[in-house]
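Report on one structure; see the data block that follows.
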Amino acid sequence: MTQKITAHDVNVFYGEKQAIRQVSIDIDQEDVTAFIGPSGCGKSTFLRTLNRMNDTVASARVEGDIRLDGEDIYSKDMDVVQLRARVGMVFQKPNPFPKSIYENVAYGPRIHGLASGKSEMDAIVEQSLTRAGLWAEVKDRLSDSGTALSGGQQQRLCIARAIAVDPEVILMDEPCSALDPIATARIEELIHDLRGRYAIVIVTHNMQQAARVSQKTAFFHLGELVEYGDTNDIFTNPREPRTTDYITGRYG
Ligand SMILES: Nc1ncnc2c1ncn2[C@@H]1O[C@H](COP(=O)(O)OP(=O)(O)OP(=O)(O)O)[C@@H](O)[C@H]1O
């Protein structure tokens, strides 16, 4: 297994309040990794340390060592715009730009200078929408607004947008929580299809979803990483009593 991201002794504070305590974890390149745990345990906060999205929160402070392919992502030399292209993110609520479907996907490659002309851009847009499982549904209406799509299609458009800049890692923060069961199933299939090409980390409230889509699961509680291992082991043979209590529904 190749370790794509390594995190050591990570603490996150919002002002005085500590949200993440001494978390160390290695994220595999080839796997889908699920972060689970009760509301407020810090899953999203920790996820957002992995592409420095917490930089956008004025009160947030991150301590510790986080590396992408061995490179310290909190180093002064790290270009954060570049980092967020390498480590893309998909949010809870689909958030397409109020622009055409085509523009939603082309925007990132344009600002990163990834296409040298219209035909190259067309190819990136088609490939990204194809990988996101949306091409067949939108190829005849690329100039329609992204916000006119269904919720599930919007979320796949957001995944296409992340894919378009050729990321190495995709972070997904409860990507299905605003979707119906059919749209959720499409996203879960898509995660299967994308596995291997991108390292994927998904925060989910839904334990069945974690069991379905991931190979590795990390259980967080009160800002700590309680247990991390193969998804099968976490759900069938957890080592920690707190994990057992959570997966058997005793809290959360
Ligand atoms: N911007 C913020 N400012 C201050 N505190 C915050 C902020 N964001 C999160 N927190 C606090 O940090 C802790 C962890 O929150 P976080 O959203 O990371 O948890 P979570 O496990 O993702 O929860 P949920 O599943 O409900 O989204 C919580 O106590 C939360 O109130």
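Every read-out reported here was derived from the displayed coordinates using simple, explicitly stated rules and does not represent laboratory data. Small disclaimer: the values here were computed from a predicted structure and weren't measured. In this analysis, Cβ positions are derived from the backbone assuming ideal geometry, glycine residues included, and neighbour counts consider all displayed protein chains.
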Percent antiparallel among DSSP beta bridges confined to segment 3-247, rounded to 5, stands at 60
Mean projected area, convex hull of alpha-carbon positions in segment 149-199, reported to one decimal in nm², is 3.4
Computed about the Cα centre, the charge dipole of segment 126-252 from +1 Lys/Arg and -1 Asp/Glu charges at the Cβ has a magnitude in debye, to the nearest 20, of 100
The ³J(HN,Hα) series, computed from each phi in segment 193-210 with the Karplus coefficients 6.51, -1.76 and 1.60 at θ = phi - 60°, rounded to the nearest Hz and given as x for glycine or proline, is 5, 7, 4, x, 6, 10, 6, 10, 10, 10, 8, 9, 7, 9, 5, 4, 5, 4
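Just from its helices, what would the mean residue ellipticity at 222 nm be for the chain, if runs of 4 or more DSSP H residues each count -39500 (n - 2.57) and the sum is divided by every residue, rounded to the nearest 500 deg cm²/dmol?
-10000 deg cm²/dmol
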Going from the fewest other Cβ atoms within 10 Å to the most, one would list 91, 46 as 91, 46
Too long for a 31 Å Cα-Cα cut-off, among 4/76; 17/93; 76/139; 43/118; 43/139; 99/216, are 76/139; 43/118; 43/139; 99/216
Taking segment 71-132, the equivalent ellipsoid from its C-alpha gyration tensor has semi-axes in Å, biggest first, of 24, 16, 10
The residues 77, 31, 9, sorted from fewest to most surrounding Cβ atoms within 10 Å, come out as 77, 9, 31
Treating only Lys and Arg (+1) and Asp and Glu (-1) as charged, each at its beta carbon, one finds that the chain has a dipole about its Cα centre, in Debye to the nearest 20, of 560
Stretched fully, the stretch from residue 136 through residue 178 gains (0.36 nm per residue minus C-alpha distance, one decimal, in nm) 12.8 nm
If each K or R counts +1 and each D or E counts -1, the residues other than residue 59 whose Cβ falls under 12 Å of its Cβ total 0
Percent of all Cα-Cα pairs per 10 Å bin for the chain, counting from 0 up to the last occupied bin, reads 7, 31, 35, 21, 6, 0
Largest fluctuation, 214, 145, 44 only, Gaussian network model of the chain with Cα springs under 10 angstrom, belongs to 145
Nearest-0.05 FRET efficiency for residue 110 and residue 250 at R0 = 45 Å, using Cβ-Cβ distance, is 0.35
